[in-house]
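Undergrad: Pasting a structure below so you can have a look.
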Amino acid sequence: MSDLTTTTATGAAAGAGSADAAGIDSRLEGHRVELTGYCYRMLGSAFEAEDAVQDTLVRAWRNFDKFEGRSSLRSWLYRIATNVCLDMLNAGNKRARPVDLTGPTPLAQAALSPRPENVWLEPMPDGRVLPSVQDPAEAAVARESVRLAFVAALQHLPPKQRAVLILREVLAWKAAEVAELLGTSVASVNSALQRARATLTETEGRAGDVSDPLDEQQLKLLERYVKAFEGYDMAALTALLHEDAVMTMPPFDLWLRGAGDITGFMTSIGAACAGSKLVPVLANGSPGFAHYKPAEDGDGFVPWAVQVIDVQDGAITGMHCFLDVPRWFPLFELPDRLPADA
């Protein structure tokens, strides 16, 4: 596999009998993106999802000679991936957004208090979790199911309910297929799905309405957002924000609601971001930007945040700024500095 070590591959090949190792490698790798999407929805963490998929593919490689074809290779891989994720979730960790943990903080009381990395729901580049599909409706479901609000809502479900809902509602598996994968009954699967739907109805945040590709109105809105943010024009930015817009900044648990508090924060505690540059990225099925702020040495721009933007009804409803740039910028394959003339 592309990033398995030679030692692992060599040892695994011995367990694969006389099968064509290169052929097995190719067949397993062909499922990496969709498995990563599944594990990301289950775990809420980009890095844990990639670890889970790597573990899944290593297990599949080592046990390929035991795969008897009684189910499809895809189903077999999902069974392994589900077991890996359930094992990881047994540790009890539940990822969240700042808006899931506290109420909004008034600007006058704003303070930057970080929480540990394993608390937070993490962003994910679209290219790592959204496989290419021909059906526009299927593509829309896949994109919506990696939105931050939806993945955050999934974290409120018990692990097996989470798996049932993703397999049934997102991946469109039949109840009998899910029951076989989980080693349970169809009635149990249907009951778990009903409970999961009820919980999601209570907990899922406001959904966005981003088109794929972005429609003309949305493109113009984002162009105006970039111009306002890079120009640090708070009046222009206020005109783009929904009245209940929120701004979050993991790893800090502070979050702000409303244009007044958001722009007030940007011109006070966040004033060092004046003169920044935004580079478009695609994250969580949503528009986003790599935010570079002016370097203190005056030589160009340095990473500051990955922004995931929520859009609804022609306005910006969310600015989710993930500040742990040593983790996020390599994940999104972004440069570690922009030149002064960027």
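Undergrad: If you add up the charges near Pro104, with Lys and Arg at +1 and Asp and Glu at -1, over every other residue whose beta carbon is less than 14 angstrom from its beta carbon, what do you get?
TA: Taking every other residue near Pro104 into account, the sum is -3.
Undergrad: I'd like the carbon and sulfur percentage of the solvent accessible area for segment 82-202, probe radius 1.4 Å, heavy atoms only, ligands and nucleic acids excluded. Don't jump to the answer; show the numbers that get you there.
TA: Details: 2960 of 5830 Å².
About 51 percent, which is the carbon plus sulfur part of the accessible surface.
Undergrad: While we're here: By the scheme Lys and Arg +1, Asp and Glu -1, what is the net charge of all other residues having a beta-carbon under 13 Å from that of Pro326?
TA: Taking every Cβ under 13 Å from that of Pro326, the sum is -2.
Undergrad: Another question, if that's okay. Arrange the peptides 313-326, 33-46, 127-140 so that the one whose residues have, on average, the most other Cβ atoms within 10 Å appears first.
TA: 33-46, 313-326, 127-140
Undergrad: Just grab the label-to-label distance for Ser26 and Ala111, each label 7 Å out from Cα along the Cβ direction, in nm (one decimal).
TA: Placing both labels 7 Å along Cα→Cβ, they lie 6.0 nm apart.
Undergrad: Once you keep just the Cα pairs under 8 angstrom separated by 6 or more residues, what percentage relative contact order results for the chain?
TA: Once divided by the residue count of the chain, the mean separation gives 16 percent.
Undergrad: Please work out the FRET efficiency for the pair Ala198 and Gln312, using the Cβ-Cβ distance as r and a Förster radius of 30 Å; give the result to the nearest 0.05.
TA: Approximately 0.80, to the nearest 0.05.
Undergrad: Please identify the helices of the chain, taking whole runs of DSSP H, that span at least 20 Å along their own axis as judged from the Cα atoms and have a mean Kyte-Doolittle score of 0.5 or higher.
TA: 73-89
Undergrad: Keeping every protein chain present and rolling a 1.4 Å probe, give me the accessible area per residue for the chain in Å². Provide the component values of the computation, followed by the final result.
TA: Working: 15540 Å² over 342 residues.
Counting only protein heavy atoms, the per-residue value for the chain is 45 Å².
Undergrad: While we're looking at this one, here's another question. Under the rule of at least 5 residues apart or a separate chain, name every residue whose amide H is placed under 5 Å from the amide H of Trp255.
TA: HN-HN under 5 Å from Trp255: Thr105.
Undergrad: Oh, and also: Taking all pairs of different Cα atoms in the chain, averaging 1/r and flipping that mean, what Kirkwood radius in angstroms comes out? Before the final figure, lay out the partial values.
TA: Details: mean 1/r = 0.0465 Å⁻¹.
For the chain, the Kirkwood estimate is 21.5 Å.
Undergrad: While we're here: So, with a 1.4 angstrom probe, what is the percent of accessible area on segment 280-333 that is carbon and sulfur?
TA: About 53 percent, which is the carbon plus sulfur part of the accessible surface.
Undergrad: Past 32 Å, Cα to Cα, is the threshold; run Lys160/Lys293; Lys160/Lys277; Lys66/Lys160 against it and keep the listed order.
TA: From the list (Lys160/Lys293; Lys160/Lys277; Lys66/Lys160), the Cα-Cα distance tops 32 Å for Lys160/Lys293; Lys160/Lys277.
The values are calculated or read from the model by the stated rules, or taken from the named source; none is laboratory data. Computed from a predicted structure; not experimentally measured. Neighbour counts run over all protein chains shown; Cβ positions are idealised from the backbone, glycine included. Heavy atoms of the whole protein, side chains included, go into the accessibility calculation; ligands, DNA and RNA do not. Shrake-Rupley method; radii C 1.70, N 1.55, O 1.52, S 1.80 Å.
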